[in-house]
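Report on the structure given below.
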There are 2 protein chains.
Amino acid sequence: MSSSSASTGTLSYEQAGVNYDLIDPLKVAAQRAAAATAGHLTGHGFSEVAASRGESAYVVDVGPFYLASIVECLGSKALVADEMKALTGRSYYAGIAQDTIAMAVNDLITVGATPLVVQAYWAAGGSDWFGDAQRAQALVEGWKRACDTCGVAWGGGETPALAGIVEPGRIDLAASCTGIISPKSRLSVGDALGAGDAIVLLASSGIHANGLSLARKLVERLPQGYLTEVAPGLTYGDALLAPTALYSPVTEALAKAGVTMHYCANITGHGWRKLLRHPKALTYRIDALPPVPPVLSFIQRHAQQDDREAYSTLNMGAGFALFVGAADAQRTVEIARGLGIDALVAGRVEDGAKQLLIEPLGIRFGDDDLQLR
Amino acid sequence: MSSSSASTGTLSYEQAGVNYDLIDPLKVAAQRAAAATAGHLTGHGFSEVAASRGESAYVVDVGPFYLASIVECLGSKALVADEMKALTGRSYYAGIAQDTIAMAVNDLITVGATPLVVQAYWAAGGSDWFGDAQRAQALVEGWKRACDTCGVAWGGGETPALAGIVEPGRIDLAASCTGIISPKSRLSVGDALGAGDAIVLLASSGIHANGLSLARKLVERLPQGYLTEVAPGLTYGDALLAPTALYSPVTEALAKAGVTMHYCANITGHGWRKLLRHPKALTYRIDALPPVPPVLSFIQRHAQQDDREAYSTLNMGAGFALFVGAADAQRTVEIARGLGIDALVAGRVEDGAKQLLIEPLGIRFGDDDLQLR
């Protein structure tokens, strides 16, 4: 068995086709140019919350409250839905709709925002995409249901047919979300994050919508492809397509219960390294792990990833991290569970070098393992 | 000469490849589902401005002011930039960036909003798109410059590489925009629109970013393609790529000057039929026309469109319509001109059947010529 073969050996995220070395210079240039526009808000009597640059959503102080906004892309998960439709005849686009909204909403809430309005961006490869009534209806119904779960108004959106830009038969899905942070004390950009805080992890429902390039690449290694079972009666394709958990009901319930979030991280790309998101020099010590969804242990096994690689890429059962005062930790878990989202107190924040210590697995991630800013 | 030939005869928008019959059922289903989510705002102590459903931006009453949000797609104009790059070696993506922001900002301001934050959505067909440093830099610089012109903060955005969804070498560009309507009296959803109002048209800079499917289809008829001259020294490609005018400086200046907009319409798809956008039964009588940009008269001539077809598809020199009290009309024109955007008092609103009468051309559009809601 050759470790350099395409069909065996460790499969990393980079091998799955996304080259960040090409994207990153643009991102840096864009971030610099974007930061230079903040002064325009002064002309309107407002100002940006500078600490939100580098966070998951952008925050502006508009006086009586903060305004938060974001646009987020689904990524390539719709390609799995298309493959599974061909194999099973079923439409998975209700779940795909939820995934798309989750990408936006779960990011927006990290800054303490209540999501208010979602806009749909559905760019198809041609008008004919919308001619499949079953699929189109599933997309609409799933989108509506996710809005209902999150208590947001669906404001509208765009449904362009972009032949020549989007591939024939495909759709590029994204969502924008606008919310407010009110009262202003709900702002969560890490000012209150510090030693002694508890780390509460909210359960993921599966792979969510990150790591799909890797998951799709892996299919080539599976003799039955997407129909390979990851657990009795559960195919790889169905497991991958479990819709992303929506966490805004939890953050809203916490606010109503008077639990102050000191910080949060939506665990998406970069897996558990996202726990190192805040720039503060702090040590995050994990002593309890959530159960790993079958589809993720399946991916880890077949991609021959060690724990370090898997936890640095996939959510491994933790979809969202909440940093709260130790006294609020147990209540946070109970509130999440009361809403049907499993949770656990996974560890604590300590003074010390910036690092994440996943003690049950003997893994350490340092500051240089995550470069987001 | 056969009128059914692909290379001659009238070229309509439908022939250019967008089939609204396939998209419209989905749009209707989505609009219904979206409208049914409005009640969620009550749970947060807010409410939607119901009249904004069907308008260009969605508006929520958040107490001290209104919140407006939108997501908009560039469409296929980037394909022209790619063709012209191959022909001239130049990058047109600074202008393309402005076009994308214009699509969002020019829509957002129709409801009376001050745009505050723009988010970038740049979905490429692969990481390598961003490897062309000249093009990527032009996109960043143009985006920044458009934000500067509009006085908006660039909050951030998404730069996904979507191989398998977006075509190789292409990019799907969109922008989301969030703003506020403050004071609340600036809300412009047509309540004040009525007989006696003046119709002020702001000049377009060219085709803007609507009608590009038609414009691209037309290239097949031109012996020198995009390098055909539309005016001495100006190629068809360069003329098409003139960046869309940004109108938010005008609407902001009008507000500062105390001019109340009774209503506005961003003239995009459906050309001048957009003047019929508001549901009220009113007659819009046009007695003066703005000059037609050379590229649009060129398209009309080569597509063999009569005036009715041209004015129902293209902006024909009018990029944005402002409906103001007759006493404010001349001042509105002067304010726009002072900002470098030509304008004219083109006509007036009258009691009567819902119709648009373009008297200098003998054209009438009735209510059934525009179905947007």
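The values are calculated or read from the model by the stated rules, or taken from the named source; none is laboratory data. Everything quoted here is computed from the prediction, not taken from an experiment. Note: ideal-geometry Cβ built from the backbone for every residue, glycine included; neighbour counts use all protein chains shown. Areas reflect the complete protein model, heavy atoms only, side chains present, ligands, DNA and RNA absent. Shrake-Rupley method; radii C 1.70, N 1.55, O 1.52, S 1.80 Å.
Being at pLDDT 95 or above and either surrounded by fewer than 22 Cβ atoms within 10 Å (Cβ to Cβ) or in a loop (DSSP other than H, G, I, E, B) (or both) is the filter here; which residues of region B:255-270 pass it?
If the condition is that a residue be at pLDDT 95 or above and either surrounded by fewer than 22 Cβ atoms within 10 Å (Cβ to Cβ) or in a loop (DSSP other than H, G, I, E, B) (or both), then B:255, B:256, B:257, B:258, B:259, B:260, B:262, B:267 are the ones that fit.
Can you say whether residue A:230 is over 30 Å from residue A:86 (Cβ atoms) and surrounded by 19 or more Cβ atoms within 10 Å (Cβ to Cβ), as far as the supplied structure shows?
no
Which members of region A:28-38 meet the condition of being touching a strand residue (DSSP E or B) at 6+ places or on another chain (Cβ under 8 Å) and either more than 8 Å from every other protein chain (Cβ to nearest Cβ) or closer than 26 Å to residue B:255 by Cα (or both)?
A:37, A:38
Of the conditions (1) crowded, with 22+ Cβ neighbours inside 10 Å; (2) part of a helix (DSSP H, G or I); (3) among the small types (Gly, Ala, Ser), residue A:69 fails just one. Which one is it?
Status for residue A:69: all satisfied but (2).
Please verify whether residue B:312 is within 21 Å of the chain's Cα centre (by Cα), within 21 Å of residue B:76 (Cα to Cα) and without any contact (Cβ under 8 Å) to a residue 60 or more places away in the chain, treating the condition exactly as stated.
Judged against the criteria, residue B:312 is a match.
Let's see how each residue does on (1) modelled with pLDDT under 95; (2) open to solvent by less than 60 Å² (accessible area, probe 1.4 Å); (3) over 12 Å from residue B:365 (Cα atoms); (4) not aromatic (Phe, Trp, Tyr):
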{"site": "B:272", "(1), (2), (3), (4)": "no, yes, no, no"}
{"site": "B:280", "(1), (2), (3), (4)": "no, no, yes, yes"}
{"site": "B:286", "(1), (2), (3), (4)": "no, yes, no, yes"}
{"site": "B:289", "(1), (2), (3), (4)": "no, yes, yes, yes"}
{"site": "B:300", "(1), (2), (3), (4)": "no, yes, yes, yes"}
{"site": "B:304", "(1), (2), (3), (4)": "no, no, yes, yes"}
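Read through the list (1) open to solvent by 10 Å² or more (accessible area, probe 1.4 Å); (2) within 12 Å of chain A (Cβ to nearest Cβ); (3) of a type outside the set (A, V, I, L, M), then give the number of the only condition that residue B:95 fails.
So the condition that residue B:95 fails would be (2).
Does region B:311-331 include one or more residues that are farther than 24 Å from residue B:111 by Cβ and open to solvent by 30 Å² or more (accessible area, probe 1.4 Å)?
Yes.
In region A:52-66, how many residues are at pLDDT 95 or above and under 21 Å from the mean Cα position of the chain (by Cα)?
Result for region A:52-66: 4.
Looking for whichever is open to solvent by less than 70 Å² (accessible area, probe 1.4 Å), in contact with a helix residue (DSSP H, G or I) (Cβ under 9 Å, 6 or more places away or on another chain), without any contact (Cβ under 8 Å) to a residue 60 or more places away in the chain and over 14 Å from residue A:247 (Cα atoms) here; the options are A:363, A:358. Which one fits?
None of the others qualify; the one that does is A:363.
Of the conditions (1) in a helix (DSSP H, G or I); (2) modelled with pLDDT under 95; (3) open to solvent by 60 Å² or more (accessible area, probe 1.4 Å), residue A:4 clears all except one; give me its number.
That leaves (1) as the condition not met.
Inside region A:199-227, can you point out the residues that are touching a strand residue (DSSP E or B) at 6+ places or on another chain (Cβ under 8 Å), open to solvent by less than 20 Å² (accessible area, probe 1.4 Å), of a type in the set (A, V, I, L, M) and not in a strand (DSSP E or B)?
The one that is touching a strand residue (DSSP E or B) at 6+ places or on another chain (Cβ under 8 Å), open to solvent by less than 20 Å² (accessible area, probe 1.4 Å), of a type in the set (A, V, I, L, M) and not in a strand (DSSP E or B): A:209.
Looking only at residues in region B:40-52 that are assigned to a helix (DSSP H, G or I) and more than 8 Å from chain A (Cβ to nearest Cβ), which one is surrounded by the most Cβ atoms within 10 Å (Cβ to Cβ)?
Per the criteria, the residue is B:52.
Yes or no: residue B:275 within 13 Å of the chain's Cα centre (by Cα) and touching a residue at least 60 places away in the same chain (Cβ under 8 Å)?
Yes, satisfied.
Out of everything in region B:79-92 that is of a type in the set (Gly, Ala, Ser) and not in a helix (DSSP H, G or I), what residue ends up being surrounded by the fewest Cβ atoms within 10 Å (Cβ to Cβ)?
B:89
Looking at residue B:220, is it more than 24 Å from residue B:139 (Cβ to Cβ), acidic (Asp, Glu) and modelled with pLDDT under 95?
So residue B:220 passes the test.
Could you please let me know if residue B:348 is over 23 Å from residue B:103 (Cβ atoms), touching a Gly at 6+ places or on another chain (Cβ under 8 Å) and among the charged types (D, E, K, R)?
For residue B:348, the condition - over 23 Å from residue B:103 (Cβ atoms), touching a Gly at 6+ places or on another chain (Cβ under 8 Å) and among the charged types (D, E, K, R) - is met.
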